[in-house]
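To start, the structure under review is shown below, and the notes come after it.
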Amino acid sequence: MESVNIVVIGAGVVGLAVAARLAENNDSVYLFEKNQRYGQETSGHNSAVVHSGIHYPKDSLKAKLCVRGNAMTYSLCEKYHIPFKKLGKLTVAIGEEDIDEIDKLMKMGHDNGVSDMKLLDGRQVKELEPNVEVKKALFTPTTGILEPDELMNHFHAQLRKHNGNLVTVTEVTGIRKGKDNYELTGTSVGEKFTIQAKTVINSAGLSSDRIASMLNLDIDRLGYRIYPCKGDYFRVAGRPLVKRLVYSVPKGAGLSIHLTPDMTGSIRLGPNAYYVDKIDYTVESSEKEFREDVAKFVPKIREHQIREDSSGIRPKLQGPNDSFRDFIIKHETENNFPGFINLIGIESPGLTAAPAIAEYVNDLVGNEIKK
Ligand SMILES: Cc1cc2nc3c(=O)[nH]c(=O)nc-3n(C[C@H](O)[C@H](O)[C@H](O)COP(=O)(O)OP(=O)(O)OC[C@H]3O[C@@H](n4cnc5c(N)ncnc54)[C@H](O)[C@@H]3O)c2cc1C
């Protein structure tokens, strides 16, 4: 039976970043992906925003890895000529009742070390964005956009440069703990396979709870169960309504419907947030819902045509009635699985945080090897 050093399960942006980072100082790193290409699930269905870090409680992994990931992502983009635009974001208070929320976000941003934030009144917002009518806004200049595929191509190139291996059409279906390694079974291009690995990283996104349960970990007791939560997007036709990202204050399970320019300047609306029980990327929401929500702060949307665009599905740990849940990035030594690292619930800001998550996992793996 073939024996390797490290297997990373799942080639989304996080698995790619992790495998590329580990390949820098480890031999025989393998990244397994069930689809024909990397980045076909959540990493290919998102808002493509480099978040600043204002939305997450102090000292959470989401806060720390977002702020660090933001800086790391921009420096990667500059160094390797990955296209990006640091457009800045306005988080807006539509009515008086939202103003407290804006102040809370500003405080959270301060606590998390987000730099250069500014509070703007309605007139100042209109000077920046003439189509936006609000009471107050928080401006975060470090928010930006990029093309997720380009970032993933970069991590893939780094993985190959360091002799790591991406193996596509390869699905892990079983894991068994051996004496000092793990035996992984599955199918690769229609054929069954078995392979041994000293270290396994579970970066399987929406299936990461299923992968954890292959070890017989009790995912409900440990709080590892994923509640898929979908978000749809619509695209606005005609002249762009805004130049920057414009979000209303977060409500419910997502960050609220927002306006996000893409790299061509065209504006997407969304995503909304609703829990689903199957992985299906069909847009299910109505144009009316989106138009009415956005018209509360960009009335001109009524003059524009909008059409269905795409959707994404968040691998949420937070169920419909739960409060904030952080990323789980955990070496399972205490559950008696040394050398097994679970990454579960890597929803937003996972794209932004990917290089910082990779650094974090690299430290976890390094500590294990030193032991
Ligand atoms: C609607 C939406 C908007 C978002 N917007 C943003 C944003 O603007 N900014 C931001 O920072 N973050 C955003 N996010 C979050 C971000 O997209 C994710 O955090 C990130 O893409 C997660 O990457 P991943 O590699 O963990 O997961 P994925 O991209 O889902 O990758 C997991 C991979 O594992 C593979 N896999 C699963 N099971 C197996 C198996 N058994 N064997 C082999 N392979 C397997 C899958 O095929 C998949 O390719 C958004 C998410 C959504 C849903």
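Inside the range 265-284, residues that are assigned to a loop (DSSP other than H, G, I, E, B) and over 19 Å from Pro320 (Cβ atoms) make up a count of 5. One residue alone among Lys192, Lys177, Lys161, Lys136 is closer than 30 Å to Leu76 by Cβ, of a type in the set (D, E, K, R) and modelled with pLDDT of 95 or more, and that residue is Lys161. Across the range 31-39, not a single residue is classified as more than 15 Å from the chain's Cα centre (by Cα), farther than 30 Å from Thr168 by Cα, modelled with pLDDT of 95 or more and of a type in the set (Asp, Glu). Only a single item in (1) within 23 Å of Glu129 (Cβ to Cβ); (2) of a type in the set (Ser, Thr, Tyr); (3) touching a helix residue (DSSP H, G or I) at 6+ places or on another chain (Cβ under 8 Å) is not met by Thr73, and it is number (1). List the number of the failed condition for Thr333; all other conditions in (1) away from the ligand (no atom under 14 Å from the Cβ); (2) within 22 Å of Ala63 (Cα to Cα) hold. Result: Thr333 fails condition (2) only.
Conditions (1) modelled with pLDDT of 95 or more; (2) assigned to a strand (DSSP E or B); (3) of a type in the set (A, V, I, L, M), marked per residue:
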site	(1), (2), (3)
Ile301	yes, no, yes
Pro315	yes, yes, no
Gly319	yes, no, no
Leu343	yes, yes, yes
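Evaluate the following for Ile257: is it over 19 Å from the mean Cα position of the chain (by Cα) and surrounded by 17 or more Cβ atoms within 10 Å (Cβ to Cβ)? No, not satisfied. Taking the listed residues Lys278, Lys316, Lys330, Lys296, the one that is free of Cβ contacts under 8 Å to residues at least 60 places away in the same chain and surrounded by 13 or more Cβ atoms within 10 Å (Cβ to Cβ) is Lys330, with no other qualifying.
Pairs, please: C-beta under 7 Å, at least 6 apart or cross-chain, first residue more than 22 Å from Leu22 (Cα to Cα) and in the range 191-217, second small (Gly, Ala, Ser) and surrounded by fewer than 19 Cβ atoms within 10 Å (Cβ to Cβ)? Qualifying pairs under 7 Å: Phe193/Gly186; Met214/Gly174. Given the options Phe324, Phe290, name the one that is surrounded by fewer than 17 Cβ atoms within 10 Å (Cβ to Cβ) and either modelled with pLDDT of 95 or more or farther than 18 Å from Asp209 by Cβ (or both). Going through Phe324, Phe290 in turn, the sole match is Phe324. For the range 100-116, residues that are in a loop (DSSP other than H, G, I, E, B) and not hydroxyl-bearing (Ser, Thr, Tyr) total 3.
The values are calculated or read from the model by the stated rules, or taken from the named source; none is laboratory data. Remember, it's a predicted structure, so these values are computed and weren't measured experimentally. Cβ coordinates were reconstructed from backbone atoms using ideal geometry, including for glycine residues, and neighbour counts include every protein chain displayed.
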